Amino acid sequence: MSTYLIINILIIFFPLVLSFDKNLTYYKKIPRLVFSISIVSTAYIIWDSIATKRGDWAFSPEHLIGIYFLGLPLEEILFFITVPYSCVFIYETIKFYVKEKEIRLSKTIFWVIALLLLIIAIVFNHQHYTFTVTIFTAIFFILSILIKPQLLNSYHYWLTMLISFVPFLIVNYFLTSIPVVTYNDAAFFGKRFITIPLEDFLYSFSMISLWILFYEIALSKRK
């Protein structure tokens, strides 16, 4: 069994087992999760495929099964299913067990953040990873402001993001230190936290945030 596949299994194992908990009944919300994954994960897989072909990053064959789709290893495709399943599970668990609190933040703050991210993307347009991840993060803030502004003032959302960064650090450390994934230094800023490129933090933030955003949009449509 490949190293990357084992990581995927470990990511989803406990959320999958606990999906049938009588309090959370997470399995009932899977159709809304599928809606989110079909939009967000598809966008990131397309970017991933283009970036891999361009040489922004690569995957070590010795840690893979050897099956590829769109130039990506099967394990990488599964990553875009196991991670959202687990992150939204964390979100739903927090929503059930933690009382919601409104965090009063002005929309102006998020417009400014989105603008700064777009400026950074323009300045570092020659670094493909830096450019793309800042654009995706800016898109999240813009979409949230326009479609679901209450999400940005949700204690549940920010707590989910904080907790999600713990498994993110663990998983990314293994992916980048084994390494399962290797990066082209020319594609990003060049600074790392241990073995993790700093851009990975924005990558994770934008991806998890967009999964939650579209998940919430799907939930709203069913009410």
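Among the residues of the stretch 180-201, those that are of a type outside the set (Ser, Thr, Tyr), surrounded by 13 or more Cβ atoms within 10 Å (Cβ to Cβ) and outside any loop (DSSP other than H, G, I, E, B) comprise VAL181, ALA187, ARG192, PHE193, ILE196, PRO197, GLU199, ASP200, PHE201.
Looking across the stretch 1-54, the residues that are polar (S, T, N, Q) and closer than 21 Å to THR182 by Cβ come down to SER2, THR3, ASN8, SER49, THR52. Suppose the filter is at pLDDT below 95 and within 26 Å of LEU143 (Cβ to Cβ); does TYR26 pass it? When the stated conditions are applied, TYR26 passes them.
Taken over the stretch 28-56, residues that are in a helix (DSSP H, G or I), surrounded by fewer than 13 Cβ atoms within 10 Å (Cβ to Cβ) and not β-branched (Val, Ile, Thr) amount to 5.
Do you know which of the residues in the stretch 31-73 that are β-branched (Val, Ile, Thr) and closer than 18 Å to GLU216 by Cα is farthest from the chain's Cα centre (by Cα)?
Taking the stretch 31-73 and keeping what is β-branched (Val, Ile, Thr), we get 34, 37, 39-40, 42, 45-46, 50, 52, 65, 67.
With the extra rule that they be closer than 18 Å to GLU216 by Cα, the set shrinks to 34, 37, 39-40, 42.
Working: VAL34: 15, ILE37: 10, ILE39: 13, VAL40: 9, THR42: 12 Å.
Taking the candidates together, the pick is VAL34.
Taking the conditions (1) in a strand (DSSP E or B); (2) of a type in the set (S, T, N, Q); (3) under 15 Å from the mean Cα position of the chain (by Cα) in turn, SER204 satisfies each one other than (1).
Let me confirm something: among LEU117, LEU213, LEU198, which residue is at pLDDT 95 or above and touching a Phe, Trp or Tyr at 6+ places or on another chain (Cβ under 7 Å)?
Residue meeting the stated conditions: LEU213.
Only residues that are more than 10 Å from VAL180 (Cβ to Cβ) and in a helix (DSSP H, G or I) were counted in the stretch 62-78, giving 3.
Count of the stretch 117-149 residues, restricted to those that are without any contact (Cβ under 8 Å) to a residue 40 or more places away in the chain and either buried (at least 17 other Cβ atoms within 10 Å of the Cβ) or more than 21 Å from TRP57 (Cβ to Cβ) (or both), is 14. Applying the criterion of being of a type outside the set (A, V, I, L, M) and closer than 16 Å to TRP47 by Cα to the residues of the stretch 76-98, the residue that is surrounded by the fewest Cβ atoms within 10 Å (Cβ to Cβ) is PHE80.
For (1) among the aliphatic types (A, V, I, L, M); (2) modelled with pLDDT of 95 or more, each residue gets a yes or a no:
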position: SER19; (1), (2): no, no
position: PHE35; (1), (2): no, yes
position: THR42; (1), (2): no, yes
position: ILE46; (1), (2): yes, yes
position: SER49; (1), (2): no, yes
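What's the total number of residues in the stretch 85-120 that are part of a helix (DSSP H, G or I), polar (S, T, N, Q) and over 22 Å from the mean Cα position of the chain (by Cα)?
Step one: of the stretch 85-120, the residues part of a helix (DSSP H, G or I) are 85-97, 107-120.
Within this subset, residues satisfying the condition of being polar (S, T, N, Q) are 86, 93, 108.
After this cut, where a residue has to be over 22 Å from the mean Cα position of the chain (by Cα) as well, the list is 108.
Result for the stretch 85-120: 1.
Across the stretch 10-27, the qualifying residues are those that are exposed (fewer than 14 other Cβ atoms within 10 Å of the Cβ) and β-branched (Val, Ile, Thr), and the one among them that is nearest to PHE214 (Cα to Cα) is THR25.
Within the stretch 150-166, residues that are under 15 Å from GLU216 (Cα atoms) have Cβ atoms under 6 Å from residues that are aromatic (Phe, Trp, Tyr) and at pLDDT 95 or above in these pairs: LEU151/TYR157; LEU152/PHE110; THR160/TYR91, counting only partners at least 6 apart in sequence or on another chain.
The values are calculated or read from the model by the stated rules, or taken from the named source; none is laboratory data. This is a predicted model, so every value here is computed, not measured. Positions of Cβ are backbone-derived with ideal geometry, glycine not excepted, and every protein chain shown enters the neighbour counts.
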